[in-house]
Amino acid sequence: MKLTLRVWRQKNADDDGAMSTYEVDGISPDMSFLEMLDTLNEELILRGEDPVAFDHDCREGICGACSLVINGDAHGPERTTTCQLHMRSFRDGDRIDIEPWRASAFPVIKDLVVDRSAFDRIIQAGGYITAPTGSAPEAHATAVPKPDADLAFEHAECIGCGACVAACPNGAAMLFTSAKINHLNVLPQGAPERETRVLDMVAQMDEEGFGGCTLAGECATACPKGIPLVSITGMNKEWLRATRKVAKH
Amino acid sequence: MWEFCGMARTDSGLRKALGRIPQIREEFWRRIKVPGTGEEFNQSLEKANRVVDYLELAELMCLDALHRAESCGGHFREESQTPEGEAARRDEEFAYAAAWEFTGTGEAPVLHREDLVFEYVHPTQRSYA
C-alpha cells in the first residue's frame, strides 16, 4: 500500500506545531497502524530527520498508552486501540490525518505524545481502596452478587487511554472518572470510601481543567473498551448521594 | 541470546555468546546514530539507552548461565541431565542465589553467594520414571 500521511509535528509544549505531509510506500495491509508509523520513522531516521514521537507500549490493546486521533476519530475507524488497528482498514492511496489527543487538560509534549498525568492525579484522588486486608483474603469470604461483580468488571476494563476526552466536544473526562469510581463503588471492598472517592475524584477532575458533560455520547462511541454512557449517570448518582450524605453529618 | 542462551544452554554455546556480545557492543558504539539531543523529549535516545542496558544484561545472563554448571528450574544446561533427559541438579555445589556486583562495562562482575536454606521441603531430583 502507498499512503499519504499528514502528521502533527510539534517540537515541544511551547512550539505552535503544524501538519507535515509524508509519503509511505510498501505498507502491508497486515501491519498495525503503529508498525506503519515505525516504517515511516525508520525512513525519517535514515534521511537524517527527526522521527515522529508517539506513545505506545504493550501493542496488544491492554495498556492504554497508544493515543492517536486518526482522520478525526480517537483510535481511528475501528472500535479498538490504535495498536490493534490494522492497515487493512485503509485503502491503497488513502490520505490519513494523524493528530494527538486534543484537550487542554492533555498538553502536547512532542508531536503525537500528550501529557496524561491529569488522569493519574484523578486516580490518586480516590481511585483506590485503603482498607488494610492483610494477605489475600479467601475469595468467598466477602460475597459479591454476580450482577455487581459484572458491573464492576465492565468498568474495570477502562485502560485509561483518554480516547473519551479526545472524542468529547467539551474535552470532558467524565467517562474515565465514572468508570474508575463505579468500578470500586459497586463492590463491598470499595464501600468504606464510597463518598470521599466520588467527591474527591470529581473535584480533581474539575481542577485538572476537563470540561463538563453534555451527554454528547462521543466518549462511549470512541471508547475501545466499550465503557457505556450510563457509567456517567452512575457517577452523577453517586455524587448526589455523597453530597447529601456528607451534608447530613 | 535465542541461539546460545535459550531454554537449553551449553558450555561451548555460552562461550560463543560471550565472545560475540563485546563485538556487538563495539559495533553498536561505532555505528550508533541517535537523532535529536539529550536536552529534549527523545524516544530514540530512550531506545538506545535500553539497547546499552540489554547488552550488559545479556552478557551477565550468559556469564551466570556458564558459571552455573548444573541444570535447575528454567536453566537447562545440556551437559547436566539425567539419563532420562531431566534437569540434573547439583545442589552440593550450587545451592545459592548468585548476586553479581557490577564493576563496569566489559569488566568481570563480582559474585556474591547467597546460600539457599531449605528447612522443610528439600530440592530433589525430578524423575517420572
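Which residue, of A:Gly190, A:Gly171, is surrounded by fewer than 22 Cβ atoms within 10 Å (Cβ to Cβ) and modelled with pLDDT of 95 or more?
Numbers: A:Gly190 fails: modelled with pLDDT of 95 or more.
On inspection, the qualifying residue turns out to be A:Gly171.
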Quick count over the range A:108-118, residues being farther than 14 Å from A:Phe54 by Cα and surrounded by fewer than 21 Cβ atoms within 10 Å (Cβ to Cβ), is 1
If you take the residues in the range A:204-249 that are open to solvent by 80 Å² or more (accessible area, probe 1.4 Å) and among the acidic types (Asp, Glu), which one is farthest from A:Asn185 (Cα to Cα)? A:Glu218
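Has the range B:50-61 got at least one residue that is open to solvent by 30 Å² or more (accessible area, probe 1.4 Å), of a type in the set (Lys, Arg) and modelled with pLDDT of 95 or more? Break it down stepwise before answering.
Just the residues of the range B:50-61 that are open to solvent by 30 Å² or more (accessible area, probe 1.4 Å), to begin with: B:50-54, B:56-57, B:59-61.
Restricting the remaining residues to those that are of a type in the set (Lys, Arg) gives B:50.
In the following step, the residues that additionally are modelled with pLDDT of 95 or more were identified as B:50.
There is at least one residue in the range B:50-61 that is open to solvent by 30 Å² or more (accessible area, probe 1.4 Å), of a type in the set (Lys, Arg) and modelled with pLDDT of 95 or more.
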Please enumerate the residues belonging to the range A:43-58 that are away from chain B (no Cβ under 11 Å) and within 24 Å of A:Asp92 (Cβ to Cβ). A:Glu43
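Out of A:Arg121, A:Arg79, A:Arg91, which single residue is outside the structural domain of A:Gln204 (by TED's automatic domain parsing), within 21 Å of the chain's Cα centre (by Cα) and open to solvent by 40 Å² or more (accessible area, probe 1.4 Å)? If you could, list the steps in order and put the result at the bottom.
Numbers: A:Arg121 fails: outside the structural domain of A:Gln204 (by TED's automatic domain parsing); A:Arg91 fails: within 21 Å of the chain's Cα centre (by Cα).
After ruling out the rest, the residue left standing is A:Arg79.
What are the residues in the range A:59-75 that are part of a loop (DSSP other than H, G, I, E, B) and either away from chain B (no Cβ under 14 Å) or of a type in the set (Ser, Thr, Tyr) (or both), if any? Reasoning before the result, please.
First pass over the range A:59-75, keeping only residues part of a loop (DSSP other than H, G, I, E, B): A:59-68, A:71-72, A:75.
Matches in the range A:59-75: A:Arg59, A:Glu60, A:Gly61, A:Ile62, A:Cys63, A:Gly64, A:Ser67, A:Leu68, A:Asn71, A:Gly72, A:His75.
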Going through the range A:124-154 in order, the residues found to be open to solvent by less than 50 Å² (accessible area, probe 1.4 Å) and not aliphatic (A, V, I, L, M) are A:Gly126, A:Gly127
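Out of the range A:208-220, which residues are out of contact with any Lys or Arg (no Cβ under 8 Å at 6 or more places or on another chain) and touching a residue at least 40 places away in the same chain (Cβ under 8 Å)?
A:Gly209, A:Phe210, A:Gly211, A:Gly212, A:Cys213, A:Thr214, A:Ala216, A:Glu218, A:Cys219, A:Ala220, listed by residue number.
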Of all residues in the range A:107-127, which are in contact with a Gly (Cβ under 9 Å, 6 or more places away or on another chain), over 18 Å from A:Gly76 (Cβ atoms) and part of a loop (DSSP other than H, G, I, E, B)? A:Arg116
Please verify whether B:Glu26 is modelled with pLDDT under 95, charged (D, E, K, R), exposed (fewer than 15 other Cβ atoms within 10 Å of the Cβ) and in a helix (DSSP H, G or I), treating the condition exactly as stated. no
State whether one or more residues within the range A:155-166 are open to solvent by 20 Å² or more (accessible area, probe 1.4 Å), part of a helix (DSSP H, G or I), of a type in the set (Asp, Glu) and within 24 Å of A:Ala118 (Cβ to Cβ). no
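Counting only residues that are in a strand (DSSP E or B) and more than 14 Å from chain B (Cβ to nearest Cβ), how many does the range A:1-36 have?
Here is the first cut: in the range A:1-36, the residues in a strand (DSSP E or B) are A:3-9, A:18-24, A:32.
Remaining after also requiring more than 14 Å from chain B (Cβ to nearest Cβ): A:3-8, A:18-24, A:32.
Final tally of qualifying residues: 14.
The values are calculated or read from the model by the stated rules, or taken from the named source; none is laboratory data. Just so it is clear, the model here is predicted, and its values are computed rather than measured. So basically every Cβ, Gly included, is an ideal-geometry build from the backbone, and we count neighbours across all protein chains shown. For the accessible areas, the whole protein counts, side chains as well, though only heavy atoms, and no ligand, DNA or RNA atoms are used. Shrake-Rupley method; radii C 1.70, N 1.55, O 1.52, S 1.80 Å.
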